[in-house]
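So the structure is just underneath, and the comments pick up after that.
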Amino acid sequence: MEAQELLEYRWDIGGGIGACYYLGDVNSTPFAGGNIMAAMTLRRNFNPRMALKMNLAYGRYGGTSQGYYLPETSGSTTQSADVRFGGNVVDIGAQFELNFWGFGIGPGYKNLSRITPYLVLGTGATLGVTQSATSFGINFPVGVGVKYKIKHRLNLIFEWTHRFTTIDKLDGVKLDDPYYIESSGLKNRDTYSFFMFTLTYDISPKYRLCNN
């Protein structure tokens with residue numbers, strides 16, 4: 001085994017692309033109205049099982065209220081006109097990752113695997129921009145992923161995260177509160193998802209003293 005394959009790395013850096021879609025008052029179907037997203041990532045690898053990932057991401061999404069019954073006013077039996085909407089999100093945050101198996105390439109006694117599923121949990125901030133509103137709030141990503149080590153320092157990662165937010169204007173002002181239900185905390189707020197593939201490269205090796 002080559003000497004570099006005995007090294008472990010503290011960090012990896014990379015970028016990814018995928019799809020972004022909105023889930024909220026007028027969309028309950030995953031990927032409906034989805035559009036492109038892209039992200040840059042920086043990951044601190046504490047050990048083969050645990051890591052902390054930082055991200056800066058941008059995504060687009062869209063949708064329509066067609067097919068949803070929205071009252072014109074509170075208690076009204078008259079339906080409001082259909083509304084089409086679209087928007088953008090800028091997402092910055094950090095997520096803790098827990099690998100199911102030790103991730104890496106190394107001697108057999110380390111029990112490392114070139115592929116592992118993992119769980120994601122974190123927090124961050126979201127800037128949402130539509131034609132009628134700009135909003136800012138906190139997001140809470142929850143998700144799953146799979147990591148595959150193509151080579152010793154090159155990784156291919158698939159990840160899906162659903163981001164719960166404190167924002168209720170990702171679908172625009174007209175759909176801010178279409179059912180006239182009071183919002184509080186995360187209740188009755190808008191959410192969005194990232195579905196992406198990322199390619200990363202390991203940097204900053206952990207050098208170890210040789211015992212001869």
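The values are calculated or read from the model by the stated rules, or taken from the named source; none is laboratory data. Not measured: the values here are computed from a predicted model. Heads up, the Cβs are rebuilt from the backbone with ideal geometry, glycines too, and the neighbour counts pull from every protein chain shown. Just so you know, the surface numbers come from the protein's heavy atoms only, side chains and all, with ligands and any DNA or RNA stripped out. Shrake-Rupley method; radii C 1.70, N 1.55, O 1.52, S 1.80 Å.
Identify the single condition in (1) surrounded by fewer than 20 Cβ atoms within 10 Å (Cβ to Cβ); (2) at pLDDT 90 or above that Ser184 does not satisfy, given that it satisfies every other one.
Single failed check for Ser184: (2).
For segment 33-64, give me each residue that is closer than 17 Å to Gly16 by Cα and polar (S, T, N, Q).
Hits for segment 33-64 are Asn35, Thr41, Asn55.
So which residues in segment 95-135 are surrounded by fewer than 16 Cβ atoms within 10 Å (Cβ to Cβ) and touching a Ser or Thr at 6+ places or on another chain (Cβ under 7 Å), if there are any at all?
Correct list: Phe100, Gly102.
Report, by residue number, each residue of segment 3-41 that is modelled with pLDDT under 80, touching a strand residue (DSSP E or B) at 6+ places or on another chain (Cβ under 9 Å) and not in a helix (DSSP H, G or I).
Leu7, Gly24, Val26, Asn27, Thr29
Do the conditions hold for Phe158, that is, is it at pLDDT 95 or above, in a strand (DSSP E or B), out of contact with any helix residue (DSSP H, G or I) (no Cβ under 9 Å at 6 or more places or on another chain) and over 20 Å from Tyr22 (Cα atoms)?
no
Please go through segment 81-102 and pick out each residue that is part of a strand (DSSP E or B) and acidic (Asp, Glu).
The answer is Asp91, Glu97.
Restricting to segment 76-91, name every residue that is modelled with pLDDT of 85 or more and surrounded by 15 or more Cβ atoms within 10 Å (Cβ to Cβ).
Gly87, Asn88, Val89, Asp91 - these are the residues of segment 76-91 that are modelled with pLDDT of 85 or more and surrounded by 15 or more Cβ atoms within 10 Å (Cβ to Cβ).
Taking segment 145-161, which residues are in contact with a strand residue (DSSP E or B) (Cβ under 7 Å, 6 or more places away or on another chain) and open to solvent by 20 Å² or more (accessible area, probe 1.4 Å)?
Val146, Tyr148, Ile150, Arg153, Leu154, Leu156, Phe158, Trp160
Determine the pairs where a residue that is closer than 13 Å to Glu97 by Cβ, located within segment 24-51, has a partner that is open to solvent by 70 Å² or more (accessible area, probe 1.4 Å) and part of a loop (DSSP other than H, G, I, E, B) with Cβ atoms under 9 Å apart, the partner being 6 or more residues away or on another chain.
Pro48/Trp101; Pro48/Asn111; Arg49/Phe100; Arg49/Trp101
Exactly one of (1) in contact with a Phe, Trp or Tyr (Cβ under 7 Å, 6 or more places away or on another chain); (2) open to solvent by less than 20 Å² (accessible area, probe 1.4 Å); (3) at pLDDT 95 or above is unmet by Asn55. Its number?
Here Asn55 clears every test but (1).
Please find, within segment 133-155, the residue that is nearest to Ala51 (Cα to Cα) out of those that are in contact with a Phe, Trp or Tyr (Cβ under 8 Å, 6 or more places away or on another chain) and small (Gly, Ala, Ser).
Here the residue is Gly145.
Determine if segment 29-44 includes at least one residue that is open to solvent by 20 Å² or more (accessible area, probe 1.4 Å) and in contact with a helix residue (DSSP H, G or I) (Cβ under 9 Å, 6 or more places away or on another chain).
No, every residue in segment 29-44 fails to be open to solvent by 20 Å² or more (accessible area, probe 1.4 Å) and in contact with a helix residue (DSSP H, G or I) (Cβ under 9 Å, 6 or more places away or on another chain).
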